[in-house]
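The values are calculated or read from the model by the stated rules, or taken from the named source; none is laboratory data. None of these values were measured; they are calculated from a predicted model. Reconstructed Cβ throughout: ideal geometry from the backbone, glycine too, with neighbour counts over all protein chains shown.
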Amino acid sequence: MDILNAKQAFETMSSGQAVLCRAVGQLLDFGELSQFPATVFFGADYEFCLAPRFMTIGQLDLEVPECIQGFDDLIDDAIAHARAFITLNGGSLDPIEVEAPAVEVETVVEPEVTTELA
């Protein structure tokens with residue numbers, strides 16, 4: 001959990017995120033801003049943090065984890081690691097031509113239906 005100063009907290013609130021507050025040096029948990037005077041942003045007596053976000057899955061409320069890296073970063077890292085692993089093991093990164101497998105086509109013949117009038 002990152003501790004924010006008054007300026008950072010105000011900017012964070014302006015961007016639409018919820019902020020919690022507590023008095024500096026107190027070991028108490030952070031509380032909602034509605035529990036504090038309106039002057040919390042004008043002095044150095046208070047510290048702030050981002051309020052955790054929750055999502056509901058079924059009947060269970062879970063805290064949304066902070067995303068450290070984006071998915072694109074992880075893909076780039078995985079490709080770089082795969083290339084390094086191939087090179088270290090004496091492999092080659094040259095493209096390989098793969099022949100397409102032969103595809104068998106199955107022909108289905110339906111029986112003729114005849115109708116005779118008596």
#### Entry: Counted residues, segment 1-54 - those being in contact with a helix residue (DSSP H, G or I) (Cβ under 6 Å, 6 or more places away or on another chain) and closer than 20 Å to E66 by Cβ
3
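This table checks each residue for (1) modelled with pLDDT of 85 or more; (2) part of a loop (DSSP other than H, G, I, E, B); (3) on the phi < 0 side of the Ramachandran plot.
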{"site": "G25", "(1), (2), (3)": "no, yes, no"}
{"site": "T39", "(1), (2), (3)": "yes, no, yes"}
{"site": "P52", "(1), (2), (3)": "yes, yes, yes"}
{"site": "P65", "(1), (2), (3)": "no, yes, yes"}
{"site": "D72", "(1), (2), (3)": "no, no, yes"}
{"site": "A78", "(1), (2), (3)": "no, no, yes"}
{"site": "R83", "(1), (2), (3)": "no, no, yes"}
{"site": "S92", "(1), (2), (3)": "no, yes, yes"}
### Message
Cβ contacts < 9 Å: first residue among the small types (G, A, S), restricted to segment 42-69; second residue in a loop (DSSP other than H, G, I, E, B) and modelled with pLDDT of 85 or more, any location; separation 6+ or different chain. Result?
### Response
A44/N5; A44/V24; A51/Q17; A51/A18; A51/F30
